[in-house]
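All remarks here apply to the structure that follows.
The values are calculated or read from the model by the stated rules, or taken from the named source; none is laboratory data. Values in this document were obtained by computation on a predicted structure and should not be read as measured data. Cβ sites come from the backbone with ideal geometry, for glycine too, and all protein chains shown count toward neighbours. These area figures cover heavy atoms from the full protein model, side chains too; ligands, DNA and RNA do not enter into them. Shrake-Rupley method; radii C 1.70, N 1.55, O 1.52, S 1.80 Å.
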Amino acid sequence: MLTVAVLISGTGSNLRALLDAARHPDFPARIVVVGADRDAEGLAHAEEFGIPTFTAPFRDFADREAWGEELGRQLEVHNPDLIVLSGLMRLLPASLVARYSPRIVNTHPAYLPEFPGAHGVRDALAAGVPQTGASVIVVDDGIDSGPILAQERIPVLQDDTEHTLHERIKPVERRLLIDVVRRIATGELALTH
Ligand code: GAR
């Protein structure tokens, strides 16, 4: 059974989908801890499932390294096989990435390498592209630059707002993320740097 830690910043709707999937007895992974860089709304999903949570508020630490050390300490307690960034809106320090690499995956609301960064949906809309997408990648030292594990195209509609487009992307992200975690757990998908 693959053990998974999930890190979030927001509402955790993708986390929720992963928790629901992992509840199924046939799912080959289980979530052992959920952490956040702020008092994230999504932590409530983990609490509902009786899964341990922690918060490491970024602003409480001197710098990214110090914050990363705290994340590392919290993760160590649960010794996860895999870390899933599910809407974590901060870059992990290189030292933490190096420690777990390539066992950190990230879900992103664009068709990488198009529109990396914190505003993948907004940037795609601003560029006026006819389609964007969703991606699940391995985390490396860069900004959404690691190997792509799964991705899918999603059309941009003429009257889309950032909200409507993001709401259409998220169900695709969830499906891709759940499938990637399942395939990592079964050994079907090998993680590489
Ligand atoms: C997701 O769309 C995720 O891909 C995105 O934040 C959202 C979190 O939604 N992450 C990034 O943009 C990271 N660059 P959720 O909190 O409802 O799961």
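For the pair Ala94 and Glu167, how long in nm is the line joining their label points, each one 7 Å along Cα→Cβ?
4.2 nm
For the chain, with all protein chains present and a 1.4 Å probe, just round the carbon and sulfur fraction of the accessible area to a whole percent. Mind showing how you got there, number by number?
On the way: 4630 of 9070 Å².
Whole-percent figure for carbon plus sulfur exposure: 51.
Within the chain, which is the longest segment that contains none of the chymotrypsin sites (Phe, Trp or Tyr not before Pro) sitting in a DSSP loop with at most 16 other Cβ atoms within 10 Å?
With chymotrypsin sites (Phe, Trp or Tyr not before Pro) excluded where exposed in loops, the chain gives 62-193 as its longest stretch.
Excluding Leu43 itself, calculate the net charge of residues whose Cβ lies under 13 Å from the Cβ of Leu43, where each Lys or Arg counts +1 and each Asp or Glu counts -1. Don't skip to the answer; put the middle values down first.
On the way: positive: Arg16, Arg38; negative: Asp37, Asp39, Glu41, Glu47, Glu48.
Here the charged neighbours net out to -3.
Per-residue ellipticity at 222 nm for the chain, helices alone: DSSP H runs ≥ 4 residues times -39500 (n - 2.57), over residue total, nearest 500 deg cm²/dmol? Provide the component values of the computation, followed by the final result.
Details: 6 runs with 72 residues, N = 193.
It comes out at -11500 deg cm²/dmol, rounded to the nearest 500.
So what's the gap between the Cα centers of segment 58-75 and segment 1-41, to the nearest angstrom?
If we compute the Cα centre of each part, the gap is 20 Å.
Rounded, prolate or oblate for segment 34-115? Axes are the square roots of the Cα gyration tensor eigenvalues, ordered a ≥ b ≥ c, and the cut-off for rounded is a/c under 1.5.
Values: a/c = 1.34, a/b = 1.11, b/c = 1.21.
Because its axes are fairly even, with a/c under 1.5, segment 34-115 counts as rounded.
For the chain, what is the accessible area per residue in Å² when the probe is 1.4 Å? Walk me through the intermediate numbers first.
Numbers: 9070 Å² over 193 residues.
That works out to 47 Å² for each residue.
With the contact rule set at Cα under 8 Å and sequence spacing of 6 or more, what percent relative contact order holds for the chain?
Reported as a whole number, the value is 20 percent.
Skipping prolines and chain starts, which residues have an amide H placed within reach, meaning under 5 Å, of the one on Leu85, given they are 5 or more residues away or on another chain?
Amide H to amide H, under 5 Å and 5 or more residues apart or across chains, Leu85 pairs with Leu7, Val105, Asn106, Thr107.
Accessible surface of Arg174 in the full protein assembly, 1.4 angstrom probe, to the nearest 10 Å²?
60 Å²
Could you give the radius of gyration (one decimal) and Dmax (whole number) of the Cα atoms in segment 125-193, in Å?
Rg, Dmax (Cα atoms, Å): 13.9, 42.
Based only on the alpha carbon positions, what is the Kirkwood hydrodynamic radius of segment 66-152, in angstrom? Could the numbers behind the result be given before it?
Working: mean 1/r = 0.0733 Å⁻¹.
Value: 13.6 Å, from the Cα pair sum.
On C-alpha positions alone, give me the angle between the axis of helix 162-186 and the longest principal axis of the chain, in degrees, nearest 10.
Taking Cα atoms only, the helix is inclined about 50 degrees.
Report, please, the projected area of segment 1-65 averaged over directions, based on the convex hull of its C-alpha atoms, in nm².
Values: hull surface 18.5 nm².
Mean projected area of the Cα convex hull: 4.6 nm².
Grab the alpha carbons of the chain, take their convex hull, and tell me the volume per residue in Å³. Intermediate values should be presented prior to the final figure.
Details: hull volume 21.4 nm³, N = 193.
Once divided by residue count, the hull of the chain is 111 Å³.
Treating the angle as unsigned and between 0 and 90°, give the value, to the nearest 10°, between the Cα long axis of helix 13-23 and the longest Cα principal axis of the chain.
Result, in degrees: 60.
Under a 5 Å amide H to amide H cut-off, with H placed in plane at 1.01 Å, what residues pair with Leu191 once short-range neighbours are removed?
Sorted by chain and number, the residues that satisfy this come to none at all.
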